[in-house]
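Below is one structure, written out as structure tokens; the observations come after it.
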Amino acid sequence: MVDEDKIEKKLRVREYRYEREQRFLRKRSELNEVLEEVFDKQTLMTLYELMNRKLIKDFYGVVSAGKESRIYYAKGEKDEDLAVKIYLITSAEFKKTRAMYTAYDPRFQRIPRDFRDFIYLWARREFKNLEAAYDAGVPVPKPYFVRRNVLGMAFIGEDGKRYPLLNEITLETETYAKIYSQVIDAVKKLYRGANLIHGDLSEYNIFITPDDRIILIDLSQAVRVEQPVADQLLLRDLKNITRFFGKMGVEVSDPELLFEEITGRKPFEVS
């Protein structure tokens, strides 16, 4: 005797699997249309893998584009807004210019010779740096995942539009002063809580939220405090911040005094 309920159940399972496969194929097709840059096959396969694992549910347009990476707006499994950063597999010149940041990093003692593997290492470094900073209470995007040259983190903005960078807006001197205090506090937390130095901090990588809070970005080049270049990069960060806010009319502290306050040491050997 035919069990109609079992047959119907099997048909429903097959129909569900078919619809799921079709949705995934549609997303792959949409993804190909969104990616205006010709990425290599491995990068595309990495994105498909992340979608198949549901770490990325929907993928939209590019938010920013540079020589080294592209950042896309996406949605996560729970509809959280994501910024998906894809490092480009391009010129090995990138490896040469970034060697000083990876040298003597205790977390990554072996530097890959292959350029593609170096890019994968660089993406992992940014994820680890974001993770350490976020856990220390530093205002940075929350990191979600990293796979090969693809990094997923919280999107800093609303409705697919990013918040402005510090250099893109004009504020009252009083507001600049409050933001300056936030930046110095973030540098302290990064140093003392995460044992990191941003290494490239300026008005070009600080987001400002609608309520005038800061979010630091671009932590891929951040170095550990014990690395040989750490003091040099910390003082450079402090000089950059002092220069910008000084031009905005804010009463700023001397970079060397800030260095001493943060580290407990005078920057004797820092040029």
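At-a-glance table
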item: Some residue of the range 245-259 being closer than 30 Å to F155 by Cβ and part of a strand (DSSP E or B); result: no
item: Selection within the range 98-140 - surrounded by 15 or more Cβ atoms within 10 Å (Cβ to Cβ) and of a type in the set (G, A, S); result: A123, A132, A133, A136
item: Count of residues meeting criterion [touching a residue at least 24 places away in the same chain (Cβ under 8 Å) and surrounded by fewer than 20 Cβ atoms within 10 Å (Cβ to Cβ)] in the range 204-213; result: 6
item: Total residues in the range 244-260, condition touching a helix residue (DSSP H, G or I) at 6+ places or on another chain (Cβ under 9 Å) and of a type in the set (D, E, K, R); result: 3
item: Yes/no for F245 being of a type outside the set (G, A, S), more than 20 Å from K142 (Cβ to Cβ) and crowded, with 20+ Cβ neighbours inside 10 Å; result: yes
item: Residues (aromatic (F, W, Y) and under 16 Å from the mean Cα position of the chain (by Cα)) located in the range 156-204; result: Y163, Y204
item: Which listed residue, of V138, V146, is within 13 Å of the chain's Cα centre (by Cα) and under 22 Å from Y101 (Cβ atoms); result: V146
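Conditions tested, residue by residue: (1) on the phi < 0 side of the Ramachandran plot; (2) assigned to a helix (DSSP H, G or I).
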{"position": "E131", "(1), (2)": "yes, yes"}
{"position": "T175", "(1), (2)": "yes, yes"}
{"position": "I179", "(1), (2)": "yes, yes"}
{"position": "L190", "(1), (2)": "yes, yes"}
{"position": "G199", "(1), (2)": "no, no"}
{"position": "P210", "(1), (2)": "yes, no"}
{"position": "I215", "(1), (2)": "yes, no"}
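Read-outs: derived from the displayed coordinates by stated rules, not from any lab. Remember, predicted model here, so these are calculated numbers, not experimental data. With ideal geometry, Cβ positions are generated from the backbone for all residues, glycine too; neighbour counts draw on all protein chains shown.
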